[in-house]
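Written out below as structure tokens is the structure these notes cover.
We did not get these values from a lab; they are worked out from the coordinates using the rules stated. All figures in this text were calculated on a predicted structure; none of them were measured in a lab. Every residue, glycine among them, receives a Cβ derived from its backbone with ideal geometry; neighbour counts consider all protein chains shown.
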Amino acid sequence: MKHVGAAWRQSSPTAESASTAEQSRNDAPLIELSNVSKYFGELRALGPIDLAIADASFVSIVGPSGCGKSTLLRLISGLDRPSEGRLQRYGADLDGPSRQVGIMFQDHVLLPWASLLENVMLPADVFPLPRAAALERARWLLELTGLKDFADHKPHMLSGGMKQRAAFCRALLPDPELLLLDEPFGALDALSREELSLELSRLWQDLARTAILITHDIEEAILLGDRLIVMSQRPGRILLDIGIDLPRPRDVDTAKRQRFLEIKQMARDLLFRRKQA
Ligand SMILES: Nc1ncnc2c1ncn2[C@@H]1O[C@H](COP(=O)(O)OP(=O)(O)OP(=O)(O)O)[C@@H](O)[C@H]1O
Ligand SMILES: [Mg+2]
């Protein structure tokens, strides 16, 4: 299938501080957090955290409920700002949301009255993107995710997994360099969850972008990621940060490998021990 990239990628009107960004692009990480904390009033929800994320990597993050995972993603997305510390993208301070960053939440939040295609096209109006090129890319993404024949269907006519696929297409429409996934498969049953996560993982490899996945499922985190981060109880800090040196493409049998089980045990020990403390 012909790859339909984003025609607007090169000629973006948001080529903001393009020159500064381009200059530091070669040496600075895509995202870098230095000593970042987030408070809500008196409550320290997160941090301090130091974290650098390289281009074209898939980073999985697990941690106890309420430890600040969604807060961390919101900071990285630019939707929210750190209370302390510094957050940079390619060496430049982050100054708000950008179409270079796509987000997919646990709840698919598709508009019920709009067709799948219209839902996938939403970012084209928000940013805005050139319509004809965006439409071509939307159709390509729907085809890639097996939704081509459902483009005119409303969300209520689709299964949970199909809705999540559509939400994935929508997040990818602007061709973001970074995709943030906050428990994207949380609402699905175990079987659809495994199937969809492996499928999206394969797609991801083809698209070769950078992703950060938040999940409470350790197996999913290891199966999908190049790197696993385990966070502590609130205020969330990094307890473990290791590379997942398992070959790709991965499938259900990957979860039977010795190395997979070792990493899983390491993560479980940390999460469980902290809970007991
Ligand atoms: N906008 C907000 N105002 C006040 N407190 C907040 C806000 N957002 C998050 N919090 C608090 O910050 C802490 C971290 O919340 P966050 O949603 O980041 O946790 P999480 O790790 O994503 O949890 P879960 O796994 O349950 O989704 C929680 O105690 C939460 O109540
Ligand atoms: Mg959350």
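Give me the Å³ per residue figure for the convex hull around the C-alpha atoms of region 59-199. Mind dumping the intermediate values first?
On the way: hull volume 18.3 nm³, N = 141.
In region 59-199, the Cα hull volume divided by residue count equals 130 Å³.
Dipole of the chain computed with +1 at Lys/Arg Cβ and -1 at Asp/Glu Cβ about the Cα centre; of Val59, Ala132, Gln88, farthest Cα towards the positive end is Val59. Taking amide H as placed 1.01 Å from N in the peptide plane, the amide H of Ile214 sits under 5 Å from that of Ile61, Leu181, Asp182, Glu183, each at least 5 places away or on another chain.
Relative contact order of the chain: what whole-number percent is it, with Cα pairs under 8 angstrom and at least 6 residues apart? Don't skip to the end; give the middle numbers.
On the way: 500 pairs, mean separation 66.9, N = 277.
Relative CO of the chain lands at 24 percent.
If you place +1 on the Cβ of every Lys and Arg and -1 on the Cβ of every Asp and Glu, how big does the dipole about the Cα centre of the chain come out, in debye to the nearest 20? Present the calculation step by step, with values, prior to reporting the outcome.
Numbers: 35 positive and 37 negative charges, 72 e Å.
Magnitude of the dipole: close to 340 debye.
Computing Rg and the Kirkwood Rh from the Cα coordinates of region 155-224 gives a ratio, Rg/Rh, of 0.94.
Among the lysines of the chain, pairs that are 8 or more positions apart or on different chains and have alpha carbons within less than 16 Å of each other number 5.
Neighbour counting of Cβ atoms within 10 Å sorts the residues Ser159, Ser83, fewest neighbours leading, into Ser159, Ser83.
Give me the tail of P(r) for region 61-134 as a percent: Cα-Cα pairs with distance above 15 Å.
66 percent
Using equal-weight Cα scatterers in the Debye expression, the normalised intensity of region 120-277 in log10 at q = 0.10, 0.12, 0.18 Å⁻¹ is -0.43, -0.60, -1.14. Restricting the calculation to Cα atoms, region 42-98 shows an Rg/Rh of 0.94 when the hydrodynamic-style radius is the Kirkwood one. For the chain, the equivalent ellipsoid derived from the Cα gyration tensor has semi-axes of 29, 24, 18 Å, listed largest first.
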